1. Please go through the stretch 100-133 and give me each residue that is farther than 20 Å from THR59 by Cβ, free of Cβ contacts under 8 Å to residues at least 24 places away in the same chain and of a type in the set (S, T, N, Q), ordered by number.
2. Taking strands (runs of 3 or more DSSP E) that fall entirely within the stretch 37-135, which contain at least 1 residues that are closer than 26 Å to ALA153 by Cα?
3. Regarding the stretch 146-162, can at least one residue be identified that is among the polar types (S, T, N, Q), under 11 Å from the mean Cα position of the chain (by Cα), open to solvent by less than 40 Å² (accessible area, probe 1.4 Å) and at negative phi?
4. Counting only residues that are at pLDDT below 55 and in a strand (DSSP E or B), which one in the stretch 1-35 is surrounded by the most Cβ atoms within 10 Å (Cβ to Cβ)?
5. Output the number of the condition that SER164 fails; it satisfies all remaining conditions of (1) small (Gly, Ala, Ser); (2) in a loop (DSSP other than H, G, I, E, B); (3) at pLDDT below 95.
6. Residues that are part of a helix (DSSP H, G or I), out of contact with any strand residue (DSSP E or B) (no Cβ under 7 Å at 6 or more places or on another chain), free of Cβ contacts under 8 Å to residues at least 40 places away in the same chain and over 24 Å from GLY54 (Cα atoms): does the stretch 143-158 have at least one?
Amino acid sequence: PEQMNFASADGPEPLRYVGEVFRTYILAERGDELCLIDKHAAHERIRFERLRTGREDLTAQMLLVPEELLLDYGEYDALVKNLRVCADCGFEIEPLEAPKVLIKGIPSMLDKNDASDIVSELAQNFAVHRHDPLPEILDDMYHTMACRGAIKANDITGLDELKSLIGQILEDERIRYCPHGRPVMFKLTKRELEKQFKRIV
């Protein structure tokens with residue numbers, strides 16, 4: 001394993017990438033601490049922050065074959081009222097005879113194979129938050145997009161991408177919890193490990 005140096009709020013202590021377990025958790029060592037990082041939760045929060053700050057590419061990718069999606073009437077009405085919001089985020093959706101819509105494109109950060117599932121989830125969220133102000137609706141939309149666009153547990157992830165995740169987590173104090181409130185990382189000290197192994201009492 002090699003040394004990586006990252007400036008962070010915790011100080012410039014060198015961080016050593018150790019490995020990955022269960023294709024889900026990144027292990028890294030810094031000083032007397034072992035850091036365990038949930039790669040999906042971390043990437044989801046990074047994507048969420050990029051969406052909120054306008055740094056994520058929201059260019060639409062057009063589907064080769066547009067997909068019809070059948071919603072319930074409440075979801076249909078809520079989605080149609082928010083088509084401008086969807087378009088600004090890279091979705092190309094056309095209302096058909098209620099309660100059907102035609103999905104023509106989705107943001108390039110998302111998997112085209114998930115188009116119907118993603119738009120269905122957006123419609124459900126719009127229906128639930130139909131009385132909320134736009135910032136709340138946008139945040140909920142960004143949650144959906146960030147989750148769908150993030151690395152998944154059990155995905156095979158390249159070493160450079162894992163190291164990039166570690167760097168972004170250490171550089172940005174906001175990336176401590178995913179948008180759903182789950183922790184991104186926790187630390188285990190050398191002392192805590194030694195107590196577990198009865199090296200010390």
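The values are calculated or read from the model by the stated rules, or taken from the named source; none is laboratory data. Please read all numbers here as calculations on a predicted model, not as lab measurements. When we count neighbours, we look across all protein chains shown, and the Cβ atoms used for this are built from the backbone with ideal geometry, even at glycine. Protein only, heavy atoms only, side chains kept; ligands, DNA and RNA dropped before computing areas. Shrake-Rupley method; radii C 1.70, N 1.55, O 1.52, S 1.80 Å.
1. If the condition is that a residue be farther than 20 Å from THR59 by Cβ, free of Cβ contacts under 8 Å to residues at least 24 places away in the same chain and of a type in the set (S, T, N, Q), then ASN125 is the only one that fits.
2. Fully inside the stretch 37-135 and qualifying: 60-70, 100-107.
3. No: zero hits.
4. Per the stated criteria, the residue is MET4.
5. (2)
6. Within the stretch 143-158, none of the residues are part of a helix (DSSP H, G or I), out of contact with any strand residue (DSSP E or B) (no Cβ under 7 Å at 6 or more places or on another chain), free of Cβ contacts under 8 Å to residues at least 40 places away in the same chain and over 24 Å from GLY54 (Cα atoms).
Conditions tested, residue by residue: (1) at pLDDT below 95; (2) open to solvent by less than 40 Å² (accessible area, probe 1.4 Å).
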| position | (1), (2) |
| --- | --- |
| LEU63 | no, yes |
| PRO66 | no, no |
| ALA78 | no, yes |
| GLU92 | no, no |
| LEU96 | no, no |
| GLY105 | no, yes |
| SER108 | yes, no |
| SER116 | no, yes |
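One line per residue, one yes/no per condition, for (1) touching a strand residue (DSSP E or B) at 6+ places or on another chain (Cβ under 8 Å); (2) among the β-branched types (Val, Ile, Thr):
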position	(1), (2)
GLU68	yes, no
GLY74	no, no
ALA78	no, no
ASP88	no, no
GLU92	yes, no
GLU97	no, no
VAL119	yes, yes
ASN125	no, no
ASP132	no, no
